[in-house]
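K.L.:
Below you will find the structure I want to go over with you.
The values are calculated or read from the model by the stated rules, or taken from the named source; none is laboratory data. A quick note: this is a predicted structure, and the numbers were derived from the prediction, not measured. We place every Cβ from the backbone using ideal geometry, glycine too, and count neighbours over all the protein chains shown. Each accessible area value is taken on the protein alone, full model and side chains, heavy atoms only, with ligands, DNA and RNA left out. Shrake-Rupley method; radii C 1.70, N 1.55, O 1.52, S 1.80 Å.
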Amino acid sequence: MEKGLIICGKPGQYRHSKLHFKCCYLHINVENSELYELLNGLDDTLLIKECDELAEFFYKMAVHSSENIVDSLFLHSCADRILQILIKLSKNRAPHASVTSSHAKVLSDTKKYINNNYSNKLSLELLSKRAALSPIYFHKLFKEYYGVTPAEYTLQVRISAAKQLLITTDDSLSKIATDCGFSSQSYFNYIFKKQTGFSPLKYRNTMLSQMEIYP
């Protein structure tokens, strides 16, 4: 938890956290299907270093009343600006010219496959074969389109899944390591600390100490 961290709660997700610092919360009901898909595609957490502009809009909304149409229009404009900034910041790099529309669909399908199968062994050879591309060309296109290599993205997904399991279950570290696709608990411990700065156990204890769980 640090300044500039945006937690994007999705439909069906629940958080009961007691934070030790001030923060702003914006609940949005979305009827536009395109906007819904954009927001649902946001990462669960975004860390924004230059967050002053966002904070300004959040705090303006927090202290502003909604007693009349003028106030309502102001609040809506602030919310629209917040959404515009978040979507702009969270969008992946623009695809390279060499990434065709057909390749974009293949890469998107590969990303979904990783999201649904991160507990399995996901080698470059396996992923490129599913994409019907050579390993070298697949690796190149994936990096150009998403800004990370297939291995880096897979690791991001696994670490994110491990974080969720650490704070929402009592599973052992060895089980979490296996469930998240790590070859051993020792390797899981090493990679998790390298990525987060905490050992898995330290992360679990730290996060749970900051959360107030309701029955």
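K.L.:
Summing +1 for each Lys or Arg and -1 for each Asp or Glu, what net charge is found among the other residues whose Cβ lies under 11 Å from the Cβ of Thr196?
P.N.:
Result for the local shell: +4.
K.L.:
In addition: Taking 25 Å as the cut-off for C-alpha to C-alpha distance, list the pairs among Lys121/Lys194; Lys105/Lys140; Lys10/Lys140; Lys140/Lys163; Lys105/Lys163 that go past it.
P.N.:
Correct reply: Lys10/Lys140; Lys140/Lys163; Lys105/Lys163.
K.L.:
Another one. What does the accessible area per residue of region 125-215 come to in Å², with a 1.4 Å probe and no ligands, DNA or RNA counted?
P.N.:
Accessible surface, normalised per residue, equals 57 Å².
K.L.:
For Ile6, which sequence-distant residues (separation of 5 or more, or a different chain) have an amide H within less than 5 Å of its own amide H, given hydrogens modelled in the peptide plane?
P.N.:
Amide H neighbours of Ile6: Leu46, Leu47, Ile48.
K.L.:
In region 100-215, what percent of the accessible surface is made up of carbon and sulfur (1.4 Å probe, ligands and nucleic acids excluded)?
P.N.:
54 percent
K.L.:
Please state the Cα pair-distance histogram of region 114-159 with 5 angstrom bins from zero: what percent is in each bin?
P.N.:
5, 25, 32, 27, 11, 1
K.L.:
Based only on Cα atoms, what mean projected area does the convex hull of region 137-201 have, in nm²?
P.N.:
Here the figure is 4.7 nm², rounded to one decimal.
K.L.:
Under the Kirkwood approximation for Rh and a Cα-based Rg, what ratio Rg/Rh is obtained for region 97-189?
P.N.:
So for region 97-189, dividing Rg by the Kirkwood Rh gives 1.04.
K.L.:
Tally Lys/Arg at +1 and Asp/Glu at -1 over every other residue whose Cβ is under 13 Å from the Cβ of Ala131; what's the total?
P.N.:
So the surrounding residues net to +4.
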